[in-house]
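Visitor: So that we are looking at the same thing, I have put the structure below in structure tokens.
The values are calculated or read from the model by the stated rules, or taken from the named source; none is laboratory data. Here the structure is a predicted model, which means the values were calculated and not measured. When we count neighbours, we look across all protein chains shown, and the Cβ atoms used for this are built from the backbone with ideal geometry, even at glycine. With ligands, DNA and RNA removed, areas are computed over all heavy atoms of the protein, side chains included. Shrake-Rupley method; radii C 1.70, N 1.55, O 1.52, S 1.80 Å.
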Amino acid sequence: MRYFLELSYNGKAYHGWQNQPNAISVQEVLEKALSTILKDTIDIVGAGRTDAGVHASLMYAHFDFDGQLNSKDLTYKLNSFLPKDIAIYDVFKVKADAHARFDALSRTYHYKVSTLKKVFDYDYTYQMHLPLDIEAMNTACKILFEYKNFQCFSKSNSDVKTYNCDIMEASWIQNDNELLFTIKANRFLRNMVRAIVGTMINIGLGKLESQDLHQIIESRNRGKAGFSVPAHGLYLVDIEYPENIRIE
């Protein structure tokens, strides 16, 4: 049978989701926990590959297991076994060919910017104390919908077949001293969200005009876009799948 894990993690202590030869990853910790509890070698496939330091308030991964499995019992055992920065919310059966990564219809990220120096939040928000023009940044967000190719925001030397992404949502909102950027798309390129946010901040600071985003995107040149904001302000918050992927 194939199963999905529904989980969250604090990415501060991890070198991203994916297994690394010389660094600890979320995938590695989960595989060790599952293999120990189920007494079998378990490999998992995640819905995405978050970078080092990026958090996930909602993540999915799939694994195969042929023995008997009680979902509630496994969820309890995993949470008891795993470190405090990884939490399992559910384990459920899915179709035999269901794939956590390739069957995802969309992914949604948040990026948090604090406009006030906060001593307890500096590990989880990007602190920017200069005034930002939110209206100009939201004008730039609307320009994103006019394009499909976002090579200008992709990390150099990325091994991808296409730089095309369908962006479904992009906006900034301000809640007191925190700015929240939300972006939803069918897929994301490596470093894409952090590069978009850095470019938007340059627009908010007046270093770029909103309309400059046209030339940046059309250039397909990473050097034309803005800086990459730090990973610790980025959160994967939602992943959508077809309704019929789950087996009750």
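Visitor: Restricting to the range 143-179, count the residues that are outside any strand (DSSP E or B) and among the small types (Gly, Ala, Ser).
Guide: Final tally of qualifying residues: 3.
Visitor: Let me ask you something else. Can you name every residue in the range 116-147 that is open to solvent by 50 Å² or more (accessible area, probe 1.4 Å), within 22 Å of the chain's Cα centre (by Cα) and more than 24 Å from Gln211 (Cα to Cα)?
Guide: If the condition is that a residue be open to solvent by 50 Å² or more (accessible area, probe 1.4 Å), within 22 Å of the chain's Cα centre (by Cα) and more than 24 Å from Gln211 (Cα to Cα), then Asp121, Tyr122, Tyr124 are the ones that fit.
Visitor: Okay, moving on. Leu74: buried (at least 18 other Cβ atoms within 10 Å of the Cβ), over 26 Å from Val193 (Cβ atoms) and either at pLDDT below 95 or not β-branched (Val, Ile, Thr) (or both), yes or no?
Guide: yes
Visitor: Could you tell me how many of the residues in the range 7-46 are touching a residue at least 12 places away in the same chain (Cβ under 8 Å) and over 23 Å from His232 (Cβ atoms)?
Guide: 11
Visitor: Tally the residues that are on the phi > 0 side of the Ramachandran plot and either open to solvent by 50 Å² or more (accessible area, probe 1.4 Å) or without any contact (Cβ under 8 Å) to a residue 40 or more places away in the chain (or both), restricting the search to the range 185-196.
Guide: Looking only at that region, the number is 0.
Visitor: Turning to a different aspect of this structure: Based on this model, can you work out whether Thr182 counts as under 22 Å from Gly46 (Cβ atoms) and open to solvent by less than 50 Å² (accessible area, probe 1.4 Å)?
Guide: Spelling it out, Thr182 is indeed under 22 Å from Gly46 (Cβ atoms) and open to solvent by less than 50 Å² (accessible area, probe 1.4 Å).
Conditions tested, residue by residue: (1) assigned to a strand (DSSP E or B); (2) in contact with a His (Cβ under 8 Å, 6 or more places away or on another chain); (3) free of Cβ contacts under 8 Å to residues at least 24 places away in the same chain; (4) under 20 Å from Gly11 (Cα atoms).
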residue	(1), (2), (3), (4)
Thr50	no, no, no, yes
Gly53	no, yes, no, yes
Leu58	yes, no, no, yes
Thr108	yes, no, no, yes
Val113	yes, no, no, yes
Asp121	no, no, yes, yes
Ala136	no, no, no, no
Cys141	no, no, no, no
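Visitor: Exactly one condition in (1) farther than 19 Å from Thr108 by Cβ; (2) within 21 Å of the chain's Cα centre (by Cα); (3) surrounded by 14 or more Cβ atoms within 10 Å (Cβ to Cβ) is not met by Thr162; state its number.
Guide: Exception for Thr162: condition (3).
Visitor: Hey, does the range 6-24 have a residue that's modelled with pLDDT of 95 or more, open to solvent by 10 Å² or more (accessible area, probe 1.4 Å), assigned to a loop (DSSP other than H, G, I, E, B) and within 30 Å of Leu132 (Cα to Cα)?
Guide: Yes, the range 6-24 contains at least one residue that is modelled with pLDDT of 95 or more, open to solvent by 10 Å² or more (accessible area, probe 1.4 Å), assigned to a loop (DSSP other than H, G, I, E, B) and within 30 Å of Leu132 (Cα to Cα).
Visitor: Still on this structure, please answer the following. Pick out the one residue from His110, His99 that is farther than 24 Å from Ile217 by Cβ, out of contact with any Asp or Glu (no Cβ under 8 Å at 6 or more places or on another chain) and surrounded by 14 or more Cβ atoms within 10 Å (Cβ to Cβ).
Guide: Checking each option against the conditions leaves just His99.
Visitor: Across the range 197-234, what is the total count of residues that are surrounded by 14 or more Cβ atoms within 10 Å (Cβ to Cβ) and on the phi > 0 side of the Ramachandran plot?
Guide: Total meeting the criteria: 1.
Visitor: Which members of the range 28-48 meet the condition of being under 22 Å from the mean Cα position of the chain (by Cα) and assigned to a helix (DSSP H, G or I)?
Guide: Of everything in the range 28-48, those that are under 22 Å from the mean Cα position of the chain (by Cα) and assigned to a helix (DSSP H, G or I) turn out to be Glu28, Val29, Leu30, Glu31.
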